[in-house]
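FYI, it's all coordinate maths here, none of it is from the lab. These numbers come from a predicted model, not from an experiment. All Cβ positions, even for glycine, are placed from backbone atoms using ideal geometry, and neighbour counts span all protein chains on display.
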Amino acid sequence: MLNTHKLINIDLKMDSAVQQASKIYFEGGVFIYPTDTLYGFGANPFNEEAVNKINEIKGRESGKSYILLVKDIEHLLKYVDLKSEKQMDFLISIWPNPVSVILNLNNKTKSILKTNTVAFRVPNNRFCLKVLAEVKMPLISTSVNKKNQTPLIEPGLIINEFAEEVETIFYSDKKSFFDASTIIDMTSSRLKMVRKGKINFEELLAKYEA
């Protein structure tokens, strides 16, 4: 029998949903939530147990980093090493939006996450931004699916498959455009496309080179 306390409609209970997501985050748990792209698994990226739990749920090998959501550029700067004002101006011009940007981490974050680069995004989503403002740290965002399977975007299907594997599923009845984020690499002086997504790469490149 499904525990209905594990299901929270953010349209009806936004504030309590944000508080519950924050609680799970700091307790090292995993939850599912709507983003500005697909539904995602969410957790604290600095909690090794939480990251391992997502890997187990997805059937994904450890060692690969996930996209991290941040509230704004100010929060981002605590974790990355931007190379120029041009990079800063570009990020300010594109966010919040479904564009994930691979950036070089600063030395402190490298040592904690044991990787040199990570993709970040400031999401264009009210619930995500409220959770990020509450936790004041980055939030993992990775599609809700097993390895090599299609991401699930319907709350009913997500509940059927993953309700018993996460602490809580936050969902919305509002329809959205379920496109993955565009991923670009900004770790060198040239902008590179890594994954096609909702935002056209040529538009981003033109803005970067302007």
(request) Return the calculated 222 nm mean residue ellipticity for the chain, to the nearest 500 deg cm²/dmol, obtained by summing -39500 (n - 2.57) across DSSP H runs with n ≥ 4 and dividing by the residue count. (result) -9500 deg cm²/dmol
(request) Estimate the FRET efficiency between residue 163 and residue 126 by the formula 1/(1 + (r/R0)^6), using the beta-carbon distance for r and 22 Å for R0, to the nearest 0.05. (result) 0.40
(message) Just to confirm a number: summing +1 for Lys and Arg and -1 for Asp and Glu over residues other than residue 161 whose beta-carbon lies under 14 angstrom from that of residue 161, what do you get?
(response) +1
(message) Per 0.36 nm of contour for each residue apart, how much would the distance between residue 117 and residue 72 grow if the chain were fully extended, relative to their Cα-Cα spacing?
(response) 14.4 nm
(message) How big is the dipole moment of region 4-209 about its Cα centre under a simple scheme where the beta carbon of each Lys and Arg is +1, that of each Asp and Glu is -1, and everything else is neutral? Debye, nearest 20, please.
(response) 400 debye
(message) Strictly over 22 Å apart at the Cα level, which of 83/130; 64/86; 64/192; 58/175; 78/130 would you flag in this model?
(response) 83/130; 64/86; 58/175
(request) Within the set of other residues whose C-beta is less than 15 Å from the C-beta of residue 130, count the net charge using Lys and Arg as +1 and Asp and Glu as -1. (result) 0
(message) Could you work out how much longer the chain between residue 206 and residue 173 gets when fully extended? Use 0.36 nm per residue separation minus the Cα distance between them, nm to one decimal.
(response) 8.3 nm
(request) Apply 1/(1 + (r/R0)^6) to the Cβ-Cβ distance of residue 149 and residue 26, taking R0 = 25 Å, and write down the FRET efficiency to the nearest 0.05. (result) 0.25
(request) State the extension gain, in nm to one decimal, for the chain segment bounded by residue 107 and residue 180, taking 0.36 nm per residue of separation less the distance between their alpha-carbons. (result) 23.3 nm
(request) Determine the sum of side-chain charges near residue 140: Lys and Arg each +1, Asp and Glu each -1, restricted to other residues whose C-beta is under 13 angstrom from that of residue 140. (result) +3
(message) As an exercise, take the mean of 1/r over every pair of distinct alpha carbons in region 6-67, invert it, and state the Kirkwood radius in angstroms.
(response) 12.5 Å
(request) Can you put 142, 37, 182 in order of Cβ neighbours within 10 angstrom, beginning with the fewest? (result) 142, 182, 37
(request) Would you please state the base-10 log of I(q)/I(0) at q = 0.08, 0.12, 0.18 1/Å for region 4-209, with intensities from the Debye formula using one equal scatterer on every alpha carbon? (result) -0.25, -0.58, -1.33
(request) In whole angstrom, note down how far apart the Cα centers of region 2-43 and region 105-157 are. (result) 13 Å
